[in-house]
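Quick notes on the structure that follows.
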Amino acid sequence: MASVEGAEVAESLPIMFAFSADCPHAPMLGAHVPLFRAELDRVGSVIRAVLGIDPSDVRAAPSVVAFATQYALAGVLAGWGLSPIAAYGDGAGGLVAAVLSGAISEREAICALGGDWAAASRASAPPAAGQMTGTGRPTGHQDAVLVSFGAGTAAGPGDEIITLLNAGHDYRALLTAVGALWQRGASIDWGAFHAGQRRRRVRLPSYPFQRVSHWIEPAEYAPQPRTGWAPDGPACDADTAVPGTPIQNAVADVWRRRLGVAQPGAHDPLLRLGGDSLTAAQILTDLAGAFHVELDLREFLEAPTIAAVAEMIESRLLEAEAIRATLASVTGAEDG
């Protein structure tokens, strides 16, 4: 026994082909499977020579289409290493099985499609038990997986059936069927299966992968008080400390409270002291409320220092004073 993803399967899976009297065109299959296209062209050339019929023509007789499609598909599976221990079928499918069994030749089967019933009678001769046959399910092989080539194939009680073709999804159905056979233990010639295709190969290292964990475990975090140093820079020098102008001292008080910096420099940028855009907005709100002026966040972020903010506030206060003086002169003139 062998193991496929933990499931025990037989070393060599016996499969049985069940052909049908009716099988639709598979026009897209040739575009994906070059071997099918080659097999179909080969048998099609014989059919055209014998019967004068093109099996790829949608107007062709259904029996001709069924024979050509199933015979070409059986050739594909054989090329991939999937050969049946037995085969049977009805109508055109029975002729395919008879050719595979050696009961009749390929040309005789095609003549039978054209009405040569002598060849057809040889195809339906009673087989020996367990051998390939044209019609009727062979006796024995109860453990074989039944591979169905078309609709309406006869099956025995308890048969496991895998369908190759699905109208409108021929290639997908074929890949699904081959995958199902491989999963059950069938041997696939993968070299032939991938013939003519460009595989995207990735070279793997010749040594085993060594698993190393880089996960950072969560740890208890206790915020540390700021002591006047900047996260990305040195501590403030004494000569850069805030001078004693009233506006700058007021701005520095808000800086200390919001940033937790004991001695911010007058020209230290807000980001260097550990602030961010949210801190900047909070500082501006505090200062606007304290000085009763409107402060622009974008202007502040262009020069986010104590000195620059103090200058901006002083400018706003001077503008407000000038406006009040103008209003007072206008009101006084109206009263006079």
Task: Estimated inter-spin distance, THR245 and HIS214, nm [label 7 Å along Cα→Cβ] - done: 5.0 nm
Task: Extension reserve of the LEU204-ALA322 stretch, reckoned as 0.36 nm per residue once the Cα distance is removed - done: 34.8 nm
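None of the figures in this text is laboratory data; all of them are computed from the coordinates on show. Computed from a predicted model, the values in this text were never measured in an experiment. We place every Cβ from the backbone using ideal geometry, glycine too, and count neighbours over all the protein chains shown.
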